[in-house]
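> So that we are looking at the same thing, I have put the structure below in structure tokens.
The values are calculated or read from the model by the stated rules, or taken from the named source; none is laboratory data. Everything numeric here is computed off the predicted structure, so don't read it as measured data. We place every Cβ from the backbone using ideal geometry, glycine too, and count neighbours over all the protein chains shown. Remember, those area values only see protein heavy atoms, side chains included, never the ligands or the DNA or RNA. Shrake-Rupley method; radii C 1.70, N 1.55, O 1.52, S 1.80 Å.
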Amino acid sequence: MISLGVQKILVRAYVLIKLSLLFWAYAFSGLLIFGIGPALLTIAELYQQHQWSYEKIKFKAGWQLFKRNFKFGNLYFYLLATVLTGLGINLFLSVQTPGLAFLVTDFVIMFVICLVLSMFHYGLLLNANYEVNLRTTLKLSFIQFFNNFLDVIKLLAGFIAILIITYKFPGLILFATVPAFIVWTTIVSKKWYQKLAFVI
């Protein structure tokens, strides 16, 4: 019984490492600037297709997905990255300004940042599971955010935990952090996708 538990942990750790190394390989093949978005979509799709079946996760299959996701991945990534950058700048400026009105503004901006971050990760899984366009991706991920606020809290709490662990062990950036976000989003979103399967 113990050996099965250990084996399960080792298999999952190996899948995280394998997905992480594939992510960085694909990202650097796009010189990072044009590689991060498609690489994120690619490892999300590989994980959705094969879960913990590490022997089925292959570079060649992922490379085909990377090429297919190249245009949409960059569009999706830079659209939301631009929005987050704008929100981050506004939050920085708002925090510097005293006053009750700006304090309220701070909370509104932080809420919208949480919304956009959640939508981004939900959208990755939507595109990994279904063939949907950008408009549908944004619409469904927006709906998912408000569908169950407890799930959003769990999602963001998990992200914070992953970031804290990564801060303590920086080597995880190379070996586990990126796919850990995708795996955690999948776990939190499981019930939502069971409902969505009847709609799409």
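> Rounded, prolate or oblate: which fits region 85-200 when a ≥ b ≥ c are the square roots of the eigenvalues of the alpha-carbon gyration tensor, with rounded for a/c under 1.5 and prolate only if a/b beats b/c?
Note, shape of region 85-200 comes out oblate.
> Heavy atoms only, probe 1.4 Å: what % of the accessible area of the chain goes to carbon and sulfur, would you let me know?
Within the chain, the accessible surface is 75 percent carbon and sulfur.
> While we're on this one: In region 123-200, which chymotrypsin sites (Phe, Trp or Tyr not before Pro) fall in coil by DSSP and have 13 or fewer other Cβ atoms within 10 Å?
Filter output for region 123-200: Phe198.
> With the Cα gyration tensor of region 149-200 giving a ≥ b ≥ c as the square roots of its eigenvalues, does the rule (a/c under 1.5 for rounded; else a/b larger than b/c for prolate; else oblate) give rounded, prolate or oblate?
Taking the square roots of the gyration eigenvalues as a ≥ b ≥ c, region 149-200 is oblate.
> Here's something else I'd like to know. Rolling a 1.4 Å sphere over the protein heavy atoms, what is the accessible area per residue of the chain, to the nearest Å²?
I get 59 Å² per residue for the chain.
> Which of Gly86, Gly62, Gly37 ends up with the largest GNM mean-square fluctuation for the chain, with Cα atoms connected below 10 Å?
Answer for the Gaussian network model of the chain: Gly86.
> Tell me which DSSP H helices of the chain clear both cut-offs, 20 Å or more of axial length from alpha-carbon atoms and a mean Kyte-Doolittle hydropathy of at least -0.5.
2-29, 36-50, 59-96, 100-129, 149-168
> Taking square-rooted eigenvalues a ≥ b ≥ c of the alpha carbon gyration tensor, is region 1-108 rounded, prolate or oblate, where a/c under 1.5 means rounded and, failing that, a/b exceeding b/c means prolate?
In terms of gyration-tensor shape, oblate.
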